[in-house]
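The values are calculated or read from the model by the stated rules, or taken from the named source; none is laboratory data. This is a predicted model, so every value here is computed, not measured. Reconstructed Cβ throughout: ideal geometry from the backbone, glycine too, with neighbour counts over all protein chains shown.
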Ligand code: NAP
């Protein structure tokens, strides 16, 4: 089998693995004749890791021994099972592989990523908990939820066991819990969350064994001072961070979810100069790596409130802490627009999805519709088709908005399009089974059987922070900026999708750079002060 870790990644990984503290013992279980290709992949991956560090070891498990550890899926990987109860059920490909590498680093350090408060809380966990995180190879958010679960297993090994189950080999779990979206987290047999959870919510679920109740988290009282706080770690925020730090501004990036924004879930990007064709997630990982060399990036940290103080500085209150900054760069992006039809909310995660990259795998060999006619809908329809999903595009007009190149690919691949058609209702019992469509030209409604409904009908601004500051907005709710990315409030800048416009990666990074340079210039010579006041 060809090497599974690319040569350049091996070089980086070898360096990273020098940081391993404790030895890592991968116990791999494979069963003869079952999932052979994926079993071979798993063995090759672990062997290559072994070749990169003397601290990594491979051991093969017999079926009898595997059963003792509660493992029957082939292939499976246990990590340091003498100490922890952590297993990967299924071949760790793509993003699952990233989850495995993160797990390896956490296990070796004997310390998770949980905050001191959460670690302290975990010490009070009195009951045993079995956590299952369902993941897919293409879900960019999954490693984040995996790191939360694994952290709990590392910090409370006598109480918490974790199984990271790939949806590829664990269809029984997918069916049992009726899941069509990842990551999905099951604790003691109860589905507690779909999507990445904030750390506090995950720890709550560990205590109750049920979905977390919404509660206000008291942020720490200590105030951290920074020159610049950037909100959002998509292309705009990451670029702003690089430019701000390089200009000498002490910068922190706060991101409520995962790195990469919308691009991280874009299957393929073909119009970012320098890359003919690159998965969105890979591009964002590269940007993030570069940004992390300069600035602090805090994930799962949500801005709850922001106030401009009399001295012109901003007090930013998050679920984790408080920051006092001299400038704010808002790169909060945009989120999926909803169709607003009956059934859309009810079947979310049960056949309705806004992320083909994350959830497409569930529908391999099944029938779905993709609603929309823009670049997103066509890119994602092409992706679904490429992984073996039977997809039909449903568009409300007789012309697509998507760029010509994408349209050509769509037609070349023979993906059917229902023109002049809208979704009126999404129907089913537990899961989506059909949609009621309306042919606008013929003015008639009809039902169509479908296993899934993917929706890509544009975006809406994520603008709670901008609104709290009272910034001037466009009619559609985007933040108004001038050519230097300045907003209506001195010291506040905005970049990327939150400013509206054509929403391209290349424009977002450009605006991020401009915003950071403007912040630097204004902090050195504030344009809003009279010349006598300038420092
Ligand atoms: P978009 O360009 O705004 O397109 C939204 C599509 O959904 C349009 O075709 C629109 O129909 C349709 N639509 C809107 N509301 C609808 C409703 N209620 N019911 C049915 N259909 C509805 O959104 P997008 O495709 O998500 O793209 C957003 C931005 O990201 C764009 O600027 C796009 O260029 C960019 N993007 C770029 C790439 C790329 O360059 N490769 C990839 C993804 C996204 P009408 O056409 O009739 O208005």
- Sole miss for residue 163 among (1) buried (at least 21 other Cβ atoms within 10 Å of the Cβ); (2) touching a helix residue (DSSP H, G or I) at 6+ places or on another chain (Cβ under 7 Å) is condition (2)
- Message: Out of the residues in the range 494-511 meeting the condition of being closer than 19 Å to residue 464 by Cα and at pLDDT 95 or above, tell me which one is surrounded by the most Cβ atoms within 10 Å (Cβ to Cβ).
- Response: 496
- Hits in the range 421-441 (condition: more than 12 Å from the ligand (Cβ to nearest atom) and more than 30 Å from the chain's Cα centre (by Cα)): 436, 439, 441
- Segments classed as helices (runs of 4 or more DSSP H), wholly inside the range 136-209, with at least 3 members that are under 28 Å from residue 30 (Cα atoms) and within 16 Å of the chain's Cα centre (by Cα): 142-155
- Query: Is it the case that some residue within the range 332-346 is away from the ligand (no atom under 15 Å from the Cβ), at pLDDT 95 or above and either assigned by TED's automatic domain parsing to the domain that holds residue 232 or not in a strand (DSSP E or B) (or both)?
  - Reply: yes
- Residues of the range 320-331 that turn out to be under 21 Å from the mean Cα position of the chain (by Cα) and at pLDDT below 95, as a count: 1
- Members of the range 415-429 found to be assigned to a loop (DSSP other than H, G, I, E, B) and more than 14 Å from residue 385 (Cα to Cα), listed by number: 419, 420, 429
- Give the residue, chosen from 24, 86, 102, that is under 29 Å from the mean Cα position of the chain (by Cα) and free of Cβ contacts under 8 Å to residues at least 60 places away in the same chain. 102
- Message: Of the conditions (1) at pLDDT 95 or above; (2) closer than 18 Å to residue 334 by Cα; (3) touching a strand residue (DSSP E or B) at 6+ places or on another chain (Cβ under 7 Å), residue 486 satisfies every one except a single condition; which number is it?
- Response: (2)
- Query: Any residue at all in the range 354-364 that is in contact (Cβ under 8 Å) with a residue 40 or more places away in the chain, outside any helix (DSSP H, G or I) and out of contact with any helix residue (DSSP H, G or I) (no Cβ under 9 Å at 6 or more places or on another chain)?
  - Reply: no
- Do we have residue 418 as buried (at least 18 other Cβ atoms within 10 Å of the Cβ) and either at pLDDT 95 or above or near the ligand (Cβ under 8 Å from one of its atoms) (or both) here? no
- Task: Filter the range 384-414 down to residues that are within 16 Å of the ligand (Cβ to nearest atom) and part of a strand (DSSP E or B), then give me how many there are.
- Result: 4
